[in-house]
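A short worksheet on the structure shown next.
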Amino acid sequence: MTVMPGKTVGIIGGGQLGRMMCLAAKAMGYRVAVLDPTPGCPCAQVADVEITAAYGDAPAVAKLAEISDVVTYEFENIDCAALEYLEKHAYLPQGRKALEVSRHRLREKTAVAEMGIPVAGFRRVDGAADLRENVFYPSVLKTATGGYDGKGQAVLKTPGDLAAAQEVAESGECVLEDLIPFSMEISVIVARGTSGFVSVFPVAENVHVNGILHTTVAPARISDELAGRATDYALRIAEGLGSVGVIAVEMFVVPSACGGEIIVNEIAPRPHNSGHFSMDACVTGQFEQHVRSVCGLPPGDVRQHSDAVMVNILGEHLGGGSVRDLSPFLPLLNVSKLHLYGRTRRRPAERWDTLTCSARLPTVFD
């Protein structure tokens, strides 16, 4: 099915990813409707129609289905009943499979392992008592659902870390994984269109600080062999899950006698923060490619024409109080593009805006 420009794209979730998706869709001539519980959310500021309601609000979901020619989403934690309704009463080309697998870490790791792709060793943990009986070191405990940006996690390197981890374990079903001694984190973004195309963006290198993505370098500074293997894994996962639209696969590079191993860490079946560099460094960015994918249009060219560095600007980087002070970043604009998320409340350790830059930028931060 082809949804032509002029039609309406419905987006579930109104954060920065929804906003960037909306801007790409509108540049292509689409109307956009967004469903989000926060009035004036970042996506709503640029959308044509704003539906303010909880994601599981049945009348609101029905309204989105009624006014949208195609529906997509910007994040994983969508109400299951809402998804079932949209599959029956709207056009949701992404479907539920990739989302239902990726939103649950045990299902996610099991699915990837069954594809014959390496993942960290893991086991299920149900509660603090189960953790005490089966803990091993070094490891990392993660909630099976709901965690992001380092939340819902605890690293266990010694028995002294057990007390903090037990608090995470009490929150519900968890997964206990081997703590991987990686040398680099990377991600690969794949787009699969309803028209049948498959495209892959360059492998990106990511640096996290306190569990939050801080910097992305593209292309990643790894060998062609490792980049090819990472790309192969991402393509196999996208195909195995039957994903439509953009899907991001995060991985670890682990040093070895053979030159390095790739271990898959997480999957996100939608545009991803580590792909923001593509907006300014590739012929076609991830958000435009996502819109093309779900609307049944031909693919855009995803070749990278400039080396790039993406830097997340957090709330704590914007000065004191509640004032958004971007003046420290103004001298960098001659080598960069600033993407504002449209957030109105500044919180420390929250992604606020994004700076995507040419390869000259690292010298500024030396």
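Within the range 273-301, how many residues are among the aliphatic types (A, V, I, L, M), part of a helix (DSSP H, G or I) and in contact with a Gly (Cβ under 8 Å, 6 or more places away or on another chain)? Of the residues in the range 273-301, 2 are among the aliphatic types (A, V, I, L, M), part of a helix (DSSP H, G or I) and in contact with a Gly (Cβ under 8 Å, 6 or more places away or on another chain). Scoring V112 on the criteria (1) over 26 Å from F252 (Cα atoms); (2) modelled with pLDDT of 95 or more; (3) touching a helix residue (DSSP H, G or I) at 6+ places or on another chain (Cβ under 8 Å) leaves a single failure, condition (1). All conditions in (1) assigned to a loop (DSSP other than H, G, I, E, B); (2) at pLDDT below 95 hold for H339, with the sole exception of (1).
For the range 199-214, filtered to residues that are closer than 20 Å to D301 by Cβ and touching a residue at least 40 places away in the same chain (Cβ under 8 Å), the residue that is surrounded by the fewest Cβ atoms within 10 Å (Cβ to Cβ) is V200.
With a requirement of 3 or more residues that are aliphatic (A, V, I, L, M) and at pLDDT 95 or above, the helices (runs of 4 or more DSSP H) lying completely within the range 1-91 that satisfy it span 16-27, 58-67.
Within the bounds of the range 62-78, is there any residue that is among the aliphatic types (A, V, I, L, M), closer than 14 Å to C295 by Cβ and in contact (Cβ under 8 Å) with a residue 40 or more places away in the chain? Yes, the range 62-78 contains a residue that is among the aliphatic types (A, V, I, L, M), closer than 14 Å to C295 by Cβ and in contact (Cβ under 8 Å) with a residue 40 or more places away in the chain. In this entry, I222 passes the filter for residues that are crowded, with 19+ Cβ neighbours inside 10 Å and part of a loop (DSSP other than H, G, I, E, B).
No other residue among E288, E316 is modelled with pLDDT of 95 or more and among the acidic types (D, E) apart from E288.
Only one entry in G152, G196, G240, G245 is within 22 Å of A98 (Cα to Cα), surrounded by fewer than 20 Cβ atoms within 10 Å (Cβ to Cβ), in contact with a Ser or Thr (Cβ under 7 Å, 6 or more places away or on another chain) and of a type in the set (G, A, S), namely G152. Only a single item in (1) closer than 30 Å to D178 by Cβ; (2) modelled with pLDDT under 95; (3) buried (at least 18 other Cβ atoms within 10 Å of the Cβ); (4) in contact with a helix residue (DSSP H, G or I) (Cβ under 6 Å, 6 or more places away or on another chain) is not met by P269, and it is number (2). The set of residues from the range 291-313 being over 24 Å from T72 (Cβ atoms), β-branched (V, I, T) and at pLDDT 90 or above comprises just one member, V309.
Quick check on the range 92-116: of everything there that is more than 20 Å from the chain's Cα centre (by Cα) and not in a helix (DSSP H, G or I), which residue is surrounded by the most Cβ atoms within 10 Å (Cβ to Cβ)? Among residues in the range 92-116 that are more than 20 Å from the chain's Cα centre (by Cα) and not in a helix (DSSP H, G or I), the one surrounded by the most Cβ atoms within 10 Å (Cβ to Cβ) is M115. What do you reckon, is F136 in contact (Cβ under 8 Å) with a residue 60 or more places away in the chain, of a type in the set (F, W, Y) and not in a helix (DSSP H, G or I)? Considered against the rule, which asks whether it is in contact (Cβ under 8 Å) with a residue 60 or more places away in the chain, of a type in the set (F, W, Y) and not in a helix (DSSP H, G or I), F136 comes out as no. Would you tally the residues in the range 17-41 being out of contact with any Asp or Glu (no Cβ under 7 Å at 6 or more places or on another chain) and surrounded by 24 or more Cβ atoms within 10 Å (Cβ to Cβ)? Residues that pass the stated criteria total 6.
R229 meets all of the listed conditions (1) under 22 Å from P118 (Cα atoms); (2) under 20 Å from the mean Cα position of the chain (by Cα); (3) modelled with pLDDT of 95 or more but one, namely (2). Of all the residues in the range 199-228, those that are in contact with a Ser or Thr (Cβ under 9 Å, 6 or more places away or on another chain) and either of a type in the set (A, V, I, L, M) or at positive phi (or both) number 8. Here S183 clears all of (1) surrounded by fewer than 18 Cβ atoms within 10 Å (Cβ to Cβ); (2) under 17 Å from E261 (Cβ atoms); (3) modelled with pLDDT of 95 or more; (4) of a type outside the set (A, V, I, L, M) except the condition numbered (3).
The values are calculated or read from the model by the stated rules, or taken from the named source; none is laboratory data. Please read all numbers here as calculations on a predicted model, not as lab measurements. With ideal geometry, Cβ positions are generated from the backbone for all residues, glycine too; neighbour counts draw on all protein chains shown.
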